[in-house]
1. Please report, for the Cα atoms of chain A, the Rg to one decimal and the Dmax as a whole number; what are they, in angstrom?
2. From Cα pairs below 8 angstrom and at least 6 apart in sequence, can you work out the relative contact order of segment A:317-426, rounded to a whole percent?
3. With point charges of +1 on the Cβ of Lys and Arg and -1 on the Cβ of Asp and Glu, referenced to the Cα centre of chain A, which listed residue (A:Gly329, A:Phe25, A:Leu443) lies farthest in the positive direction of the dipole?
4. Go ahead and estimate [θ] at 222 nm for chain A from helices alone: -39,500 (n - 2.57) per DSSP H run with n ≥ 4, summed, over the residue count, rounded to 500.
5. To the nearest 0.05, how large is the calculated FRET efficiency for A:Ala52 and A:Glu328 if R₀ is 30 Å and r is the Cβ-Cβ distance?
6. Treating only the Cβ of Lys, Arg, Asp and Glu as charged (+1, +1, -1, -1), what charge dipole size does segment A:117-242 show about its Cα centre? Round to the nearest 20 debye.
7. Treating the beta-carbon of each Lys and Arg as +1 and of each Asp and Glu as -1, no other charges, what is the dipole magnitude of chain A about its Cα centre, to the nearest 20 debye?
8. Rounded to the nearest 20 Debye, what is the dipole magnitude of segment A:69-130 about its Cα centre when Lys and Arg each give +1 and Asp and Glu each give -1 at the C-beta?
Amino acid sequence: MENSEIARIFHEIADLLEVKGDNPFRVRSYRNAALVVEGLPESLRTMAQKGAEGLMHIPGIGEGIREKILEMTRTGRCAFHDGLLKEVPQGILGILKVSGVGPRKAAVFFKELGITDVEGLEKAAKAQRLRTLTGFGEKSEERILKAIKDLRSMSGRANLGAAMQYAGAFQDYLKKIPGVTDCIPAGSLRRWKDSIGDIDILAACDEKAAAVMDGFAAYPDVRHVVSRGETKSTVMLNAGLQVDIRVIEKKSFGAALQYFTGSKAHNIALRDRAKRMGLKISEYGVFKEKSGAWAAGETEEDVYRSVGLPWIPPELRENRGEIEAAEEGRLPEMLDVKDIRGDLHVHTNESDGACSLEEMADGAIERGYAYMAVTDHSKAVGIAHGLDEKRVLAQIKRIDEFNEKLKKRGRKFTVLKGAEVDIRADGSLDHPDSVLDKLDCVLAAVHSGFSMSMSDMTERILKGIRSGKINILAHPTGRLISSREPYAVDMEKVMDEARKYGVALELNSYPDRLDLNDTHLALAREKGVPVVISTDAHSLRHFDNILYGVHTARRGWLEKKDVLNTRPLKELMKLLKRK
DNA sequence: GCCGTTTTCGGCCCGACTGTTTTCAGTCG
């Protein structure tokens, strides 16, 4: 059982306990454990091989949950979870996804009306049966029907790229409303999380907040207003994306930004820390607990300073040890997009790119890069018009000629000869060694046969690494955030072997990929496996995606030294020498 | 169920909005 599945079970246990009306702090323990497990770089499967001893010292995991992890990694089941499902029908978990319906209401619907799933809830609301319950009326039914409609129109979480665009447009609109002095997207967007549940926007204003709220609700792309208050409102966009806005006075802006950026787990830990110091943190500021006197709040720096910490970059705020690291002066030196000196995954119109080699090179030069690797597909990827041996040789010749031309013109820019060679189902590479040996930078990647077993897929990729012919493993898990699960692969084994063979792992910056993800990157850093941040550009504008890659790397605590393409060309070329 | 400058019991972040009810519980972030 993998970490993601174990985390899912803990989330479900938390939901089921809540519907049962169990101790809310016990519920929180399971929810917290789920988050901790999700953020764990190493797999519990591996850690549990040493028994309970291997699972000690994971914050938030105590004896009870440790036992359940052991059980799940050994048997693939959790008896406690199975037992809960006998008491509470699984369909009720779906009801909890309906906005405005939580565990208490779901329990009432189940006990009083025998409702066990969303369809049943919809029927009951339409038949006006909910209003027969105490505490529910006509409006409750309306809200629930609307929320069910919204739920169905949402395609789960939005990818970061799309969410950024929606948020940017909304932000521009809000800034033009009179009285708004500042406006910034917060939430998981500001933390550059790879998928976004909703957009959170914080606005500071010097006049009546009500005017801002009017403007907010009047945004042309709004489908309907979900809730509307003095300082806080929620709307649903036509695209099925929810947007929350919070309006706050300038003197509280830092505290509000800190609060609204999250993550929830980070905030709880920070507020807990404040409490132990005799302080209280809310979105309005930091206050002395006894006297209620205002202590800080205008900037985020002030808020963190008030609890004895340096400012913590948003990407790190997941309660994954950043507060302890901040306290001990161990926060990573954050990578900057300016540190990136070149792109090592670029396609041209020889395969499925939109632009020529020359056009892509111009684009890279314009960004201030020192180098770029042309890495078109190999023939197995027919749909991308992959190159055969003959075409690769022709491309090599063209690149040599192009580099000569650049040199003559005095340009300090080099195009590396590369390929994105397919790792076939049997682990062999899709170009002969004679071709690979002529290239500067060989990427290898899986493009088909995703449904293999974990052991087969791992072996397939290990064979590619052991060929000694590749430099970089591209998009190592193959996930597409909104449409395809990662294939099953033992990433720890892949990383160990990659380190042995001097193969780097790619962080693909495409917002739908972001592959490796943040926790894998943390593992790579721990294991000392070098990472390359690339865009997989198929057109000029794709170069911009490097921003998503860099911020994802920051989420994985990667520093400049951990990333190969922060090195100057000469140093890079030495590192790309294959064994 | 977790955790300890409040250490093995007794706490556990904090506030806005909604609907239905007259003072608040439930939900959300």
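Nothing in this text is a laboratory measurement; each read-out follows from the coordinates by a stated rule. This is a predicted model, so every value here is computed, not measured. Backbone-built Cβ (ideal geometry, glycine too); neighbour counts: all protein chains shown.
1. 26.2, 84
2. Relative contact order comes out at 25 percent.
3. A:Gly329
4. Only helices count here, giving -12500 deg cm²/dmol.
5. The computed FRET efficiency comes out at 0.60.
6. That gives a dipole near 300 debye.
7. Dipole of chain A, to the nearest 20 debye: 480 debye.
8. The calculation lands at about 140 debye.
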